[in-house]
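A.B. asks: The following block contains the structure, expressed as structure tokens.
What follows draws every value from the coordinates through simple rules; no lab data is involved. The shown structure was predicted, so the numbers you read here are calculated from the model rather than taken from an experiment. So basically every Cβ, Gly included, is an ideal-geometry build from the backbone, and we count neighbours across all protein chains shown.
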Amino acid sequence: MFGFGGPPKPEKVSYYKIVSGIFSKKWKYVYSSDGAMPLITSQTVQYTQPKPEPPQPKLTREQLKAKREEEELAEWRAEREAEKKAKQEKQAREEAKKAAKEKGEKYEEKPPEGEEVESLPPFELEDIPIAMDRIGWPISAKLLRKWFDSPAHIIDDSNKNNMGHPIDDTTVTLKWALKFGSVQDRYDELLNKWIRSEKAMIKLKEKISEKVKEIFNNNRHVIGFNTASSTSNIEQFHKDWQFQHVPIASSDTLAPHLIPTDLTGSTDLTGSLAAFAIYAAVGSVQVSGSKYYIYSEDGKTKIWCMDPKVQMTHVYIYLRDIFEFNAKVGEVKSQYLGHWNKTGVIVSKPAALSDALRKTPVELGNTHIFQTSCALKYAVDTMRGGKKYSEECVYWPIYNKDFTTWRNIRKRGEDFIIFSKPVLVKLPIPIDIPLEKLCLPTEKM
């Protein structure tokens, strides 16, 4: 302990934590003296299960006495070393004060970034799904366990558009995703605005025209088609029939404000998908129009034609995301994913503020939070209930790079594509698709 005139103590950092409300779990802002203490330690999150300690042989009375004496000696040396360090630091402060006074300057000593700690309760990266279950994020926990339990597979910028990646099309549903944040608003924008945009219409005309021509050429008539049978192969369906999408930023998935001074907090959707996209694909198309022959002037040939009137009456809506933990091109630091232990997660204020103030949508899976605050660099101790350095009070900062390191060591960790099952939606106003006249090859009369 330092007495009067000693160095300033480390400052606690503010953070957000999940608490149980009347109807649901909510995020609460913790600050000032109730904040968390940064812990400076050589320990890191663990990537492998520690091997059990071998049974120790029973010590004789003489061995026990020698062991106690050795421990007492080590403790005495540590105390002397701490006293020596404190004396050196005090002397350095006095010299700095004297030098500042001689220069006519005010002396201000910066507090240390945190408390130095030799040993903390260990935390395994694979324990994060346990915490996710405890805070009410079952979908996040299920997807992360799938990643941990599957063979190593990497989806990065070089192959993210390739087909053949592992797929999960059962865990996440569109109905579930629409419950969070402003996702419903973005979904409504897609249906009410973006599927009728100029770019969407160009894609629609290209895809529908090709299919209508194929049917007409084979059957001499066409009354319409639907893509229901294609949805059984979601990857191929996505490639063949999607024509528009709306990006969902991670800020769209956050929980509502608790009180006016609070920022928003992450949800199960944030933890499982973060940023993703909702897609619209061709569903049902109706075709009508007059059919007739065009006769040649010499009266020996004719051509069967149709003036198609095409309307798309239904669309399929679904979401898609890439579940991966890979650094992006040009990324300076690894993405911060919160502070975790087995009981839950807390989010440092700098990270929450950075995410809440981001206004523009980001690309699929591309959420960057780059901070240098000690609130993000170190493990922190919330000291709940007066406990200090306990397993339930110490939270570890987790980054994308931790999962990459884990995969390299464990030879597991499978990136995969998430699809929700396509939902057929009837359009209140069908979309007219202008197509040119359809004609078969010339026939002899």
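A.B. asks: How about the range 414-445: which trypsin sites (Lys or Arg not before Pro) there lie in a loop by DSSP and see at most 13 other Cβ atoms within 10 Å? Numbers along the way, then the final one.
C.D. replies: On the way: sites: K426, K437, K444; in loops: K437.
Of the trypsin sites (Lys or Arg not before Pro), the ones in loops of the range 414-445 whose Cβ has at most 13 other Cβ atoms within 10 Å are K437.
A.B. asks: Here's another thing I want to ask about it. In whole Å, what is the distance between the alpha-carbon centres of the range 174-235 and the range 372-445?
C.D. replies: 23 Å
A.B. asks: Here is a further query. Of the chymotrypsin sites (Phe, Trp or Tyr not before Pro) in the range 76-131, which ones lie in a loop per DSSP and count no more than 14 other C-beta atoms within 10 Å?
C.D. replies: Answer in residue order: Y107.
A.B. asks: Dipole of the range 125-439 (Lys/Arg Cβ +1, Asp/Glu Cβ -1, origin at the Cα centre): which of S296, W241, M132 lies farthest to the positive side?
C.D. replies: S296
A.B. asks: Report the gain in length on full extension from T171 to K213: 0.36 nm times residue separation, minus Cα-Cα distance, nm rounded to one decimal. Write out the running numbers ahead of the final one.
C.D. replies: Working: separation 42, 0.36 × 42 = 15.12 nm, distance 3.73 nm.
Taking T171 through K213 to full extension adds about 11.4 nm, to one decimal.
A.B. asks: Find which of A277, T60, P308 sits farthest along the positive direction of the dipole of the chain, computed with +1 on the beta-carbon of Lys and Arg, -1 on that of Asp and Glu, about the Cα centre.
C.D. replies: The residue sitting farthest along the positive end of the dipole is P308.
A.B. asks: Report, ordered by chain and residue number, the lysines lying within cross-link reach of K387, taken as a straight Cα distance under 23 Å and ignoring same-chain residues fewer than 8 apart.
C.D. replies: The qualifying lysines are K9, K12, K17, K28, K342, K349, K377.
A.B. asks: Test of the criteria: in the range 97-163, which trypsin sites (Lys or Arg not before Pro) are in a DSSP loop and have at most 13 other Cβ atoms within 10 angstrom of their Cβ?
C.D. replies: K103, K106
A.B. asks: Hey, got the dipole for the range 125-439? About the Cα centre, +1 on K and R Cβ, -1 on D and E Cβ, debye to the nearest 20?
C.D. replies: I would put it at about 200 debye.
A.B. asks: Turning to a different aspect of this structure: Mean residue ellipticity at 222 nm from the helices of the chain, using -39,500 (n - 2.57) per DSSP H segment of n ≥ 4 over the full residue count, to the nearest 500 deg cm²/dmol?
C.D. replies: Theoretical 222 nm ellipticity from helices: -9500 deg cm²/dmol.
A.B. asks: Here is a follow-up. Compute the FRET efficiency between R412 and D157 as 1/(1 + (r/R0)^6), taking r as their Cβ-Cβ distance and R0 = 22 Å, and round to the nearest 0.05.
C.D. replies: The value I calculate is 0.50.
A.B. asks: Using a 10 Å cut-off around each Cβ, can you sort C439, C305 from fewest to most neighbouring Cβ atoms?
C.D. replies: Least to most surrounded, the residues fall as C439, C305.
A.B. asks: With a 10 Å Cβ neighbour count serving as the proxy for reagent exposure, in which order, fewest first, do M383, M163 appear?
C.D. replies: Listed from fewest to most nearby Cβ atoms, that is M163, M383.
A.B. asks: Determine the gain in length on full extension of the stretch K291-A99; use 0.36 nm per residue of separation and subtract their C-alpha separation, reporting nm with one decimal.
C.D. replies: Details: separation 192, 0.36 × 192 = 69.12 nm, distance 9.86 nm.
Taking 0.36 nm per residue and subtracting the Cα distance, the gain is 59.3 nm.
A.B. asks: Once you have the Cα-Cα distance between E436 and S229, take 0.36 nm times their residue separation minus that, and quote the gain in nm to one decimal.
C.D. replies: Here the answer is 71.8 nm.
A.B. asks: If you rank R61, R384 by fewest surrounding Cβ atoms within 10 Å, what's the result?
C.D. replies: Result, fewest neighbours first: R61, R384.
A.B. asks: Which one, I346, S229, T173, is farthest towards the positive end of the dipole of the chain when Lys and Arg carry +1 and Asp and Glu -1 on their Cβ?
C.D. replies: S229
A.B. asks: So which of K67/K87; K309/K426; K205/K291; K160/K199; K291/K444; K65/K90 end up more than 27 Å apart by C-alpha?
C.D. replies: Values: K67/K87 30 Å; K309/K426 19 Å; K205/K291 21 Å; K160/K199 23 Å; K291/K444 18 Å; K65/K90 38 Å.
Violating the 27 Å limit, Cα to Cα: K67/K87; K65/K90.
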